[in-house]
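*Asks:* Quick one: the structure is below, questions incoming.
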Amino acid sequence: MTQFVGFNELLWFAMLLVNFLLILTIYRFAGRTGLFLWVPIATIVANIQVVKMVNLFGVEATLGNIVYASSFLVTDILSENYGREYSKKAVFFGFFSLFSFTLLMNMALWFVPSSEDFSQQSMQTIFSLMPRLTLASLCAYGISQYHDILAFEFWRRRFPAAGHLWIRNNLSTMVSQGLDTLIFTGIAFYGVYPLPVLLEICLSTYLLKWLVAMLDTPFIYIARSFYLQGKVTESD
């Protein structure tokens, strides 16, 4: 058991690094368009991964926290380098992609499978949960991301210096992810898990998102340095 938990934690940090490196790569070679592209990827992947429960750091947690939390890094990069209007556009892309994905996948489940089909039951298990998860995600995503954009601007006015980017990034994201966790967990899992498990999921989810927010700080500095040094290839 100890070895399994240790493996999960190592894999969690590896996934964290992969997410951040993918964001920097797409930003470096596709500019803000690349960041717009990442938001739909993050929202869709996170809402699939969240149905899997794992043990991390000795507590029960859902997957998807890293990928979903990375969308806050993306909107903060957009706010820092381009302004909040671009962040709002990215949030809209996340909304639209998640809604479209859920609608199309549930329509796929309505088709009567052939006698040779082997995927219907597996797809049903995952994607039949999507409408509730989508409602939870859209509510949580909209409120928390809108708060994050406003909070980032709020803290930028009070800490405008280049060296204070870590303050703007962390104070806006950590509060926003608290809102996101409470709203999403309450809508998505109330009545699905017993209350003690629900509270554990809520606490563990927020702590993991908080850890992601803290560890993404060097990467937002790298993204800003790319922008200031003219290393970003804008595709539009």
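None of the figures in this text is laboratory data; all of them are computed from the coordinates on show. None of the values given here were measured: they were computed from a predicted structure. Here Cβ is always computed from backbone atoms with ideal geometry, including for glycine, and neighbour counts include all displayed protein chains.
*Asks:* Cross-link list K52/K89; K88/K209; K52/K88: which exceed 27 angstrom alpha carbon to alpha carbon? Before the final figure, lay out each step's value.
*Replies:* On the way: K52/K89 30 Å; K88/K209 21 Å; K52/K88 30 Å.
Where the Cα-Cα span goes over 27 Å, the pairs concerned are K52/K89; K52/K88.
*Asks:* Also, quick follow-up: Mind listing which GluC sites (Glu not before Pro) in region 42-123 are in a DSSP loop and have 13 or fewer other Cβ atoms within 10 Å? Intermediate values should be presented prior to the final figure.
*Replies:* Values: sites: E60, E80, E85, E116; in loops: E116.
Those satisfying the criteria are E116.
*Asks:* Are there GluC sites (Glu not before Pro) in region 143-236 that DSSP marks as loop and that have at most 16 other Cβ atoms within 10 Å, and which are they?
*Replies:* Numbers: sites: E153, E200, E234; in loops: E234.
Within region 143-236, the qualifying GluC sites (Glu not before Pro) (loop, at most 16 other Cβ atoms within 10 Å) are E234.
*Asks:* Please work out the C-alpha center-to-center distance from region 1-56 to region 138-157 and express it in whole Å.
*Replies:* That distance is 21 Å.
*Asks:* Then there's this: Where does each of F111, F20 land when they are ranked from fewest to most other beta-carbon atoms within 10 angstrom? Working shown, then result.
*Replies:* Numbers: F111 9, F20 21.
Going from least to most buried by this count: F111, F20.
*Asks:* At 1.306 mPa s and 10 °C, plugging the Kirkwood radius over alpha-carbon pairs of the chain into Stokes-Einstein gives what diffusion coefficient in µm²/s?
*Replies:* Details: Rh = 18.5 Å.
D = 86 µm²/s.
*Asks:* Okay, moving on. In deg cm²/dmol, rounded to 500, what helix-only [θ] at 222 nm does the chain give when every DSSP H run of at least 4 residues adds -39500 (n - 2.57) and the total is split over its residues? Working shown, then result.
*Replies:* Details: 8 runs with 187 residues, N = 236.
Mean residue ellipticity at 222 nm (helix-derived): -28000 deg cm²/dmol.
*Asks:* Counting Lys and Arg as +1 and Asp and Glu as -1, what is the net charge of the other residues whose Cβ lies under 15 Å from the Cβ of V51? List each step's numbers first, then the result.
*Replies:* Details: positive: K52, R132; negative: E60.
Here the charged neighbours net out to +1.
*Asks:* Nearest 10 degrees is fine. How inclined is helix 84-110 to the longest principal axis of the chain, computing both from alpha carbons?
*Replies:* The helix 84-110 is inclined about 10 degrees to the chain.
*Asks:* Against the longest principal axis of the chain, how steep is helix 65-81, in degrees 0 to 90 to the nearest 10, with axes from Cα atoms?
*Replies:* Taking the Cα atoms of the chain, the angle to 65-81 is about 30 degrees.
*Asks:* Now for a separate question. Normalising by the residue count of the chain, find the relative contact order in percent from Cα pairs under 8 Å and 6+ residues apart. Please list the in-between numbers first.
*Replies:* Numbers: 276 pairs, mean separation 65.5, N = 236.
In percent, rounded to a whole number, it is 28.
*Asks:* Hand me the trypsin sites (Lys or Arg not before Pro) from region 205-236 located in a DSSP loop with no more than 13 other Cβ atoms within 10 Å, in residue order please.
*Replies:* Details: sites: K209, R224, K231; in loops: K231.
Within region 205-236, the qualifying trypsin sites (Lys or Arg not before Pro) (loop, at most 13 other Cβ atoms within 10 Å) are K231.
*Asks:* First select every other residue whose beta carbon is under 13 angstrom from the beta carbon of Q177; then total the charges, Lys and Arg +1, Asp and Glu -1. Please list the in-between numbers first.
*Replies:* Numbers: positive: K209; negative: D76, D148, D180, D216.
My count for the surroundings of Q177 gives -3.
*Asks:* Another one. If each residue's Cβ is checked for other Cβ atoms within 10 Å, how do H164, H147 rank with the fewest at the top?
*Replies:* On the way: H164 13, H147 19.
Final ranking by Cβ density, sparse to dense: H164, H147.
*Asks:* Just rank S204, S235, fewest to most, by other beta-carbon atoms within 10 angstrom. Show your work: numbers first, answer last.
*Replies:* Numbers: S204 20, S235 12.
Fewest to most other Cβ atoms nearby, the residues stand as S235, S204.
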